[in-house]
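Novice: I'd like to ask some things about the structure below.
The values are calculated or read from the model by the stated rules, or taken from the named source; none is laboratory data. Bear in mind that the values here come from a model prediction, so they are computed numbers and not experimental data. Note that we place each Cβ from the backbone using ideal geometry, even for glycine, and neighbour counts take in every protein chain shown.
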Amino acid sequence: MRILLSIYLLIGLPALAEGPVTLLVQTQAGEAIPNAVVIAKDSEAEVSADSFDWDVLMEQSDKTFVPYVLIAPLGSEVSFPNRDRMRHHVYSFSKGNRFEIELYGRDETRSIAFDTPGVVAVGCNIHDEMIGYIRVVDTPYAGKTDGAGSMTFTDLPAGTNEFLVWHPDMSERDDVVISWNGASELKVTLDVAPAALAAGNH
Ligand SMILES: [Cu+2]
């Protein structure tokens, strides 16, 4: 065993898959931040339509996009079912992922495939207050914090040492980069105003 360990140390091998690791995303005041997107950086694994265990859809329900933040695999079809009695006109002007779905009614759906990794800010032309976000990712190693601001990766590719963290209401312009040394828990602080959290926490 000792010999084996020495060999590992000598070659400096991170031979095994890594994790689990739990990221806890909070405001500077220590409040939980739900809906933060966490992405393990620099993975060569490819994402596919069934990489995630959630439905890749964004509903319109009660004049609200649900979920508020959706993680979608690059190139996969995201559906936009309308559950309201009223019609919606869903669109985005986000670079590389512009789209427009003209007025459509209750229990109809449309779908769009997104070709550019990054953020798609989604709005409705009729109801200005409706806003949602799709984060298009090119890796299966991505997830969203829960109501407690927590997100766990059960296993990660060997060599993973950085995470990207993003929330639509944070003041930072770009993803926050967090380095990781293999610890099982990682605290991340984002500058998100409590008012924004209250409004976006659905
Ligand atoms: Cu609408």
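Novice: Pull up the stretch 53-64, narrow it to residues that are farther than 15 Å from Val136 by Cα and either part of a loop (DSSP other than H, G, I, E, B) or within 15 Å of the chain's Cα centre (by Cα) (or both), then point me to the one that is nearest to the ligand (Cβ to nearest atom).
Specialist: If we take residues in the stretch 53-64 being farther than 15 Å from Val136 by Cα and either part of a loop (DSSP other than H, G, I, E, B) or within 15 Å of the chain's Cα centre (by Cα) (or both), then Lys63 is nearest to the ligand (Cβ to nearest atom).
Novice: Of the conditions (1) touching a strand residue (DSSP E or B) at 6+ places or on another chain (Cβ under 6 Å); (2) in contact (Cβ under 8 Å) with a residue 40 or more places away in the chain, Ala183 satisfies every one except a single condition; which number is it?
Specialist: (1)
Novice: On the given criteria, is Val37 in the same structural domain as Trp166 (by TED's automatic domain parsing) and either surrounded by fewer than 14 Cβ atoms within 10 Å (Cβ to Cβ) or away from the ligand (no atom under 16 Å from the Cβ) (or both)?
Specialist: Values: in the same structural domain as Trp166 (by TED's automatic domain parsing): yes; either surrounded by fewer than 14 Cβ atoms within 10 Å (Cβ to Cβ) or away from the ligand (no atom under 16 Å from the Cβ) (or both): yes.
Yes, satisfied.
Novice: Same structure, new question: Name the pairs whose Cβ atoms lie under 8 Å apart, with the first residue in the stretch 97-109 and in the same structural domain as Ser76 (by TED's automatic domain parsing), the second part of a loop (DSSP other than H, G, I, E, B) and β-branched (Val, Ile, Thr), and 6 or more positions between them or separate chains?
Specialist: Correct list of pairs: Asn97/Thr116; Leu103/Ile126.
Novice: Kindly list the number of the only condition in (1) among the hydrophobic types (A, V, I, L, M, F, W, C); (2) outside the structural domain of Thr22 (by TED's automatic domain parsing); (3) touching a Phe, Trp or Tyr at 6+ places or on another chain (Cβ under 8 Å) that fails for Leu186.
Specialist: (2)
Novice: Restricting the search to the stretch 150-183, which residues are out of contact with any Phe, Trp or Tyr (no Cβ under 9 Å at 6 or more places or on another chain), surrounded by fewer than 17 Cβ atoms within 10 Å (Cβ to Cβ) and of a type in the set (A, V, I, L, M)?
Specialist: Ala158, Ala183
Novice: Follow-up. Identify, please: which residue in the stretch 110-124 is modelled with pLDDT under 95 and not in a strand (DSSP E or B) and is, among those, nearest to Phe80 (Cα to Cα)?
Specialist: Arg110
Novice: Name the single residue, out of those in the stretch 76-134 being β-branched (Val, Ile, Thr) and within 9 Å of the ligand (Cβ to nearest atom), that is surrounded by the fewest Cβ atoms within 10 Å (Cβ to Cβ).
Specialist: For the stretch 76-134, the residue satisfying everything is Ile126.
Novice: Quickly run through the stretch 32-51 and pick out the residues that are at pLDDT 95 or above and either part of a loop (DSSP other than H, G, I, E, B) or touching a His at 6+ places or on another chain (Cβ under 9 Å) (or both).
Specialist: Those that are at pLDDT 95 or above and either part of a loop (DSSP other than H, G, I, E, B) or touching a His at 6+ places or on another chain (Cβ under 9 Å) (or both): Ile33, Pro34, Asn35, Ala36, Val37.
Novice: Count, please, the residues in the stretch 165-180 that happen to be touching a residue at least 24 places away in the same chain (Cβ under 8 Å) and closer than 16 Å to Gly19 by Cβ.
Specialist: 2
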